[in-house]
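To start, the structure under review is shown below, and the notes come after it.
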Amino acid sequence: MFNSKRLVLAHFWLAFIAFGVALLLGAWQMLVRSPLHPWLQNPELYYRSVTEHGTVMGYAFPTLIAMGFGYAVSELALKRPLVGLRWAWLGFWLVAVGAVTATVPVAMGLASVLYTFYPPMIGNVFYYVGVVLVVVGSWVWVALMSVNLASWKRENRGKPVPLAMFATVAGAYLWGWTAVGAAIEVLFMILPVAIGWKTTIDAGLARVFFSWTLHAIVYFWLMPAYIAYYTIIPRAIGGRLYSDSMARISFILFLVVSMPIGIHHLFADPQVGSGFKFMHSVFTALVAVPTLLTVFTICASVEIAARLRGGRGPLGWIKALPWDNPMMLAVAFSFVMLGFGGAGGLINMSYQLDSTIHNTQWVTGHFHLIFGGAIVIMYFVIAYDLWPHLTGRALLSVKLMRWQLWLWFIGMIVLTFPWHFVGILGMPRRMAFYDYNDPEIAAQGLSVAISVLGALILLASAVLFFIVLVKGHRAPPVKVEEFRFSRAVHEPRSIPVALNSFALWLTLMIALTLVNYGYPIAQLLTRSDTSVPAVPIGAQR
């Protein structure tokens, strides 16, 4: 029985409604900073919008998707009711209240600090209280995933943990630890200033703590997408998962090596020595390994599906793939965007090459391709796949689904490729407007205008997405078959302890984090000359 349907639907609907609002803000930002729109008389409106867009897209939206999907996985994979349903609802309401608490002061112009909220800018206290509530609500989910796994393992000693649950718990543990950095920064450094207890803040130390969270959060965002790669796509296209063990290794590697890498965002900051910057650069390169394993495993799984459909020859099997199936389109589009976004990331993580694109539109293009492109399109897949089981009604608009996915893919490419181009030319990000009459940047105006077209295509895709879901709610009730995750070609009957539990990997995750962050943090804590005057947002007017 699927007893938490209302809980999962609540998470998904709130997530996608917030996503829709944030998407509108993003499109508006593209328009007002382009040559198609006159300069804003009040550029602070732009920074409000960027803060709102980033906070919703970076914190509330993916957190709600991960939580809702996690609760669904717990029941569907373990085949038992969710333990702690009331606590799960508490976590949901904490996230919901926190999201509103954070967004209201931003809309009022009291917290235009962008989603990174780097000091010495200090926003309204309620913005940070809202962010804390979102994190606390998500930690309820982390605890419940651990509790449900432990409860199942007590009753099924020695049995392989279902892959979907193993991966979900890995993502929960990653988020539980990764959020600690930003939590320390907000609770012990920013809130005392926002409340008025202090007037100075160590901006360098705060940025180091935030870097603890800043890049590992990306892997928290992608965990649901990768779970969908492994446990939904092979089954949805009529195939089998190539390797259960390789999937587990990929999630273990994400857990271990995606934490100690955030200082690559601080290459231009003088507070951290070059040795630790280089170390973080090396570890960032290691994160490519689980992604490469995933690409190989899923491509092999897709080939299996094609050959089961009669595909022949070294490449002839590609024609046999079910290209009319929205799930097949989605994974293909996701991999293309992941490839382009990942290639750009190799530049970002290079200690030498990063200086050429630091704080330019290249960076914006990179993370939109990864998150907005490769990851969000798989969030659509998760919704499409689960919706009939959540509502008891079939999604009949397959053609609309295909159009929606095509438009999302095209829109994201049209949006982000020009950003990469103007980034190479040196166009800075986080600016409300540019003087396109300046001969130095006049030629970049066309590229920025093309990005506006990409944003409009994305809006059209989002409208189709909501139409599909609403039509699904209004469709006649149907008898839905029992939900099942993808089965491996060789289903494991027994698994080594290291691939079926987390104690060793959590130890390594924490140890590597402490090694890679411990010295820089300790060094900055012992200095008394690094604090600067805080700048409340209201004082900047």
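Just so you know, all these numbers are worked out from the coordinates, no wet-lab data involved. What you see is a predicted model, and the numbers here were worked out from it, not measured in a lab. FYI the Cβ positions are ideal-geometry reconstructions off the backbone, even for glycines, and counts take in every protein chain you see.
Worth pointing out:
- Residue-count net charge about Gly445 - beta-carbon cut-off 11 Å; Lys, Arg +1, Asp, Glu -1: -1
- Where a label projected 7 Å from the Cα of Lys471 along Cα→Cβ would reach, residues of region 403-423 with amide N under 13 Å: 403-405
- Within-13-Å neighbourhood charge of Gly472 [Cβ basis; K, R +1; D, E -1]: +2
- The chain: angle of helix 61-78 to the longest principal axis, Cα-based, in degrees nearest 10: 20 degrees
- Proximity of backbone amide H atoms, modeled 1.01 Å from N, is registered between Ile122 and Val535, Ile537 at under 5 Å, excluding neighbours fewer than 5 places apart on the same chain.
- For the peptides 168-179, 323-334, residues were scored by their other Cβ atoms within 10 Å and the scores averaged per peptide; the highest-first order is 168-179, 323-334.
- Of [x] 180; [y] 153; [z] 164, the label for volume of the Cα convex hull per residue in Å³ derived from the coordinates: [y]
- Given the chain, longest segment not containing exposed loop GluC sites (Glu not before Pro) (DSSP; at most 16 other Cβ within 10 Å): 1-439
- Extent along the principal axes, Cα only, for region 69-194: 52, 23, 19 Å, with the longest axis given first.
- Rounded to the nearest 10 degrees, the angle from helix 274-286 to the longest Cα principal axis of the chain is 20 degrees.
- Relative to the longest principal axis of the Cα atoms of the chain, the long axis of helix 244-257 lies at roughly 10 degrees.
- As a rough guide to protection, the peptides 146-153, 101-108, 467-474 ranked by mean Cβ packing within 10 Å, highest first, stand as 101-108, 146-153, 467-474.
- Other residues within the sphere of radius under 12 Å centred on the Cβ of Thr364, judged by their own Cβ, net out at +3 (K and R +1, D and E -1).
- For the chain, the dipole from Cβ point charges (+1 on Lys and Arg, -1 on Asp and Glu) about the Cα centre works out to 1840 debye, to the nearest 20.
- Annotation: amide H-H contacts under 5 Å for Thr200 (H modelled 1.01 Å from N, sequence separation of 5 or more, or interchain): Ala534.
- The residue among His366, Ser245, Phe2 whose Cα reaches farthest toward the positive pole of the charge dipole of the chain, with charges on the beta-carbon of Lys, Arg, Asp and Glu, is Phe2.
- Virtual paramagnetic centre 7 Å along Cα→Cβ of Ala268, amide N under 20 Å, in region 350-373: 350-369
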